[in-house]
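Here the structure is laid out as structure tokens; the discussion comes afterwards.
The values are calculated or read from the model by the stated rules, or taken from the named source; none is laboratory data. Keep in mind that this is a model prediction, so the values were computed, not measured. Here the Cβ is made from the backbone with ideal geometry for all residues, glycine too, and neighbour counts use every protein chain on show. The area values use the complete protein model at the heavy-atom level, side chains included, leaving out ligands, DNA and RNA. Shrake-Rupley method; radii C 1.70, N 1.55, O 1.52, S 1.80 Å.
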Amino acid sequence: QVQLVESGGGLVQPGGSLRLSCVASGHTFSSYNMGWFRRAPGKEREFVSAISRSGGVTDYADSVKGRFTISRDIAKNTVYLQMNSLEPEDTAVYYCAASLFPGLKYDAGTYGYWGQGTRVTVSS
């Protein structure tokens, strides 16, 4: 079992940047493929990005491709989401998730462990 704690959310102006962090504890971090999801007000939770166990493979939703970068530091048991060129449409609660299934996963149902979320608001 793994516990996940996100941080780094906040209020930022359009065009600004934020870096979200997700610290994992309780189990071998490198055993998990990791993902970021978000839930905007009044909308369903959606996939944002995923990274493989080794960090060598990543993928992104089309809406964030070229603006967001996912990475992980195995020594620090942490996965990051660097968000640049933020838009009002990026406003949401962002969740970190961990999956033991092999390969990158895009379906929230394949992630067994979730953090509590961190809120990102993009507004002028």
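The number of residues in the range 74-96 being of a type in the set (A, V, I, L, M), more than 11 Å from R38 (Cβ to Cβ) and open to solvent by less than 40 Å² (accessible area, probe 1.4 Å) comes to 2. Counting only strands (runs of 3 or more DSSP E) wholly contained in the range 52-123, the ones carrying 3 or more residues that are in contact (Cβ under 8 Å) with a residue 24 or more places away in the chain and within 22 Å of P14 (Cβ to Cβ) occupy 78-83, 92-99, 118-122. The single condition from (1) surrounded by 13 or more Cβ atoms within 10 Å (Cβ to Cβ); (2) on the phi < 0 side of the Ramachandran plot; (3) touching a residue at least 60 places away in the same chain (Cβ under 8 Å); (4) polar (S, T, N, Q) that S49 fails is (3).
For the criterion of being surrounded by fewer than 14 Cβ atoms within 10 Å (Cβ to Cβ), over 14 Å from the mean Cα position of the chain (by Cα) and at negative phi, D107 fails.
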